[in-house]
1. Scanning segment B:158-180 for residues that are open to solvent by 10 Å² or more (accessible area, probe 1.4 Å) and closer than 12 Å to B:THR306 by Cβ, which turns out nearest to the other protein chains (Cβ to nearest Cβ)?
2. Which of the residues that make up segment A:214-234 are touching a residue at least 12 places away in the same chain (Cβ under 8 Å), surrounded by fewer than 22 Cβ atoms within 10 Å (Cβ to Cβ) and touching a helix residue (DSSP H, G or I) at 6+ places or on another chain (Cβ under 7 Å)?
3. Looking at (1) surrounded by fewer than 21 Cβ atoms within 10 Å (Cβ to Cβ); (2) assigned to a helix (DSSP H, G or I), find the lone condition where B:LEU183 falls short.
4. Could you list all residues from segment B:319-352 that are closer than 16 Å to B:PRO293 by Cα and exposed (fewer than 15 other Cβ atoms within 10 Å of the Cβ)?
5. Is at least one residue of segment B:243-257 within 13 Å of chain A (Cβ to nearest Cβ), loosely packed, with under 15 Cβ neighbours inside 10 Å and either touching a helix residue (DSSP H, G or I) at 6+ places or on another chain (Cβ under 8 Å) or aliphatic (A, V, I, L, M) (or both)?
6. Looking for something exposed (fewer than 15 other Cβ atoms within 10 Å of the Cβ) and in contact with a Ser or Thr (Cβ under 8 Å, 6 or more places away or on another chain) - is there at least one such residue anywhere in segment B:112-125?
7. Which of the residues spanning segment A:299-330 are in contact with a strand residue (DSSP E or B) (Cβ under 9 Å, 6 or more places away or on another chain) and in a loop (DSSP other than H, G, I, E, B)?
8. Going through segment A:99-123 one residue at a time, which ones are away from chain B (no Cβ under 14 Å), touching a strand residue (DSSP E or B) at 6+ places or on another chain (Cβ under 9 Å) and not polar (S, T, N, Q)?
Amino acid sequence: MMRDGRIATGWGLLAMLGAVVAFGAIPASAATTLETIRSRGQMICGVNNELPGFGYVDAQGNYSGFDVDFCRAVGAALGVDVRFRALTPRDRFSALQSGEVDVLSRNTTWTISRDTNLGLDFVATTYYDGQGFMVRKSLGVKSAKELGGASVCLTTGTTTELNLADWFRANGLQYKPVLFEKADDALKAYEAGRCDVHTSDKSQLASLRSAAKNPGEHVLMPEVISKEPLGPLTRHGDNQWADIVRWTVNALITAEELGVTKANVDQVAKSSKNPEVQRLLGTTGSLGKDMGVGADWALKAIKAVGNYGEIYDRNVGPQTKLALERGLNQLWSKGGILFSPPFR
Amino acid sequence: MTAPVSNPQALAADDAPPRREIGVWGWARRNLFRTWYDTLLTLCFGWLFYRIVAGLIGWGIVQAGFGTTPKACAGSQGACWAFIGDLWPLFFVGAYPHDARWRPALALLLVVALGLLTLWRRTRTRWLLACWLLAPLPILALIGGSATLGLAAVDSGLWGGLMLTLLLAVVGIVFGFPLGVVLALGRRSRLPVIRALSVGYIELIRGVPLITVLFMASIMLPLFFPSGFNPDKVLRAMIGITLFYAAYMAEVVRGGLQGLARGQEEAAAALGLTYWQTTAFIVLPQALRIVIPPMVGTFIALLKDTSLVAIVGLFDLLGIARTATANPNWLGRIVEAYVFAGIIYWVLCFSMSQASRRLELRFQTRAG
């Protein structure tokens with residue numbers, strides 16, 4: 001039986017090798033992402049479907065959230081439907097590499113190794129996040145520096161785990177990590193008192209705290225121990241497509257700067273005398289055409305989802321259950337670091 | 001025959017055992033409070049049982065919030081069933097488009113109607129069998145869309161919830177079972193090549209976890225294909241589950257084949273039946289009857305294992321539970337989501353084992 005098994009395994013491997021050689025020999029199709037989308041009539045966007053406020057399925061079965069809206073904006077700019085594909089942290093990169101999705105908009109942290117090793121390009125930052133700590137108020141801790149020896153609940157397999165180890169080592173403190181596969185489980189364990197501290201990106205901590213039984217019992221530490229710029233990715237090498245996604249994001253930021261909103265965009269396009277607004281909305285110049293899309297691409301995007309501020313407020317802003325302050329994600333002119341290159 | 005008794009009630013009352021020895025009280029005395037340590041154990045476990053049940057009822061019913069809006073749960077310390085009340089369609093069909101939700105509902109109705117007709121003896125005819133065989137066509141047309149019927153196509157990436165769980169399980173069972181029978185026969189074949197292939201396949205598949213097969217199917221496979229050619233993700237998972245469970249079913253069927261007396265085959269050979277005739281009319285009908293209980297066990301395991309597809313980005317019943325709790329209106333309702341999904345799984349698995357018992361009984365009476 002042993003021998004038979006080995007023979008079959010050998011055959012299987014040979015067949016697999018044959019398949020790899022056969023398919024590997026076919027050159028990847030030469031069509032650009034934009035051409036593929038146009039011929040398909042649909043843009044496919046990889047998103048998260050279990051992150052409150054950023055990517056989830058609403059009661060009507062529609063994808064919604066902050067990351068989802070940026071995909072809708074790009075789709076509207078091109079004038080095509082957007083199809084969403086829910087991806088897990090594990091399969092998100094290979095889904096983009098293999099062409100299963102055209103763009104990945106799923107709270108992915110921009111790091112040098114991801115940018116250079118994966119054959120993918122980060123094209124913009126839509127949300128500046130950073131890792132923080134949440135502790136029970138009753139502990140009376142004022143700063144994360146007092147957390148020496150604490151047990152920390154966290155989700156495994158993300159940059160969170162690595163940042164935590166770096167930070168505690170840099171500060172010469174000891175800690176006991178308690179690892180979980182899913183964010184919900186980590187939170188439940190923290191709530192049940194299995195650990196003193198819960199750590200995650202600050203945006204997520206805020207939403208988790210609002211979901212806790214008694215939100216008032218928990219406090220966020222002032223320290224931010226990492227930089228987590230989150231944004232969309234495209235495949236490496238298709239610069240035109242990367243430009244379209246990057247400048248759609250920039251257009252939404254610029255629109256907020258210029259006071260162009262979902263409600264007034266049509267009227268502004270007709271009446272505005274501001275040359276930058278005219279260039280942005282395509283009433284003068286040829287910015288859209290040069291990029292390979294229609295002149296009114298930005299107008300369509302804004303009309304579909306609103307400007308950056310509207311997307312933020314609708315999904316995660318202070319009026320929502322998540323109640324995330326703008327913080328770093330405020331416009332540069334209002335104290336944040338959100339900055340779009342000029343439309344010229 | 002005894003002589004008639006003038007007052008049977010009076011006599012019965014005289015002959016009856018003392019009241020404290022019969023009925024609930026008598027049973028309790030005999031089984032729960034016979035000795036002092038019996039009493040102690042009964043009281044301890046009774047108290048534990050009471051605490052658990054009281055806790056569950058308190059959490060699930062008394063203190064729970066019912067309705068469909070988050071307001072219904074404001075201030076309640078128990079479960080928030082309003083969460084399920086608002087989002088239950090998600091649990092059944094996932095991200096399926098809102099205005100087309102009647103289509104999977106109709107498909108489900110079709111299956112339930114056929115199921116009820118099957119339970120009723122008078123309608124259990126050849127026509128019903130034909131209906132069952134044809135049923136996949138309208139069901140797939142309803143769920144996936146069909147140009148001829150004027151139903152808009154719905155991308156399989158949007159299929160989810162219980163609908164996806166059932167589709168994966170049914171496809172896995174319907175295609176995995178015959179494949180398993182073929183593999184089991186192949187493993188007992190006298191032809192060395194066929195035997196080697198069957199044994200190799202079964203041992204290879206049984207040597208890896210299902211999750212590996214699913215990862216291969218959903219992550220590795222697309223990298224081998226030329227870009228732009230993307231076989232459907234649901235189809236890939238279906239193929240993965242079918243191929244995986246075929247190996248397990250093969251081993252179950254082989255157990256049945258080996259449990260069959262050698263004389264059956266020899267008698268068939270003596271009658272001049274060919275290999276295929278022997279297999280189809282003598283061996284398989286008896287072997288498959290023996291393996292109904294373990295086979296249904298495998299089916300149930302398959303149904304529950306479909307929840308692993310959540311890891312490769314498909315959102316079955318369990319996967320959609322997490323999606324539902326990401327709704328900002330219902331943050332942190334993961335326990336209610338799990339309990340609800342658990343109840344649905346239990347109903348499905350319990351009905352499967354009940355159906356298996358009915359089937360066993362029927363075959364037993366017929367065999368006897």
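The values are calculated or read from the model by the stated rules, or taken from the named source; none is laboratory data. What you see is a predicted model; the values in this text were computed from it and never measured. Using ideal geometry, Cβ is built from the backbone for each residue, glycine included, and neighbour counts are taken over all protein chains shown. All accessible areas refer to the heavy atoms of the entire protein, side chains included, with ligands and DNA or RNA removed. Shrake-Rupley method; radii C 1.70, N 1.55, O 1.52, S 1.80 Å.
1. Just the residues of segment B:158-180 that are open to solvent by 10 Å² or more (accessible area, probe 1.4 Å), to begin with: B:158-159, B:162-163, B:166-167, B:170-171, B:173-175, B:177-179.
From the residues that got through so far, the ones that are closer than 12 Å to B:THR306 by Cβ too are B:162-163, B:166-167, B:170-171, B:173.
Working: B:LEU162: 14, B:MET163: 12, B:LEU166: 18, B:LEU167: 17, B:VAL170: 22, B:VAL171: 21, B:ILE173: 25 Å.
Here the residue is B:MET163.
2. A:GLU217, A:HIS218, A:VAL219, A:LEU220, A:MET221, A:GLU223, A:VAL224, A:ILE225, A:SER226
3. Answer for B:LEU183: the failing condition is (1).
4. B:PHE350, B:SER351
5. no
6. yes
7. Answer for segment A:299-330, where residues must be in contact with a strand residue (DSSP E or B) (Cβ under 9 Å, 6 or more places away or on another chain) and in a loop (DSSP other than H, G, I, E, B): A:VAL316, A:ARG326, A:GLN330.
8. Within segment A:99-123, A:VAL103, A:TRP110, A:ARG114, A:ASP115, A:ASP121, A:PHE122, A:VAL123 qualify.
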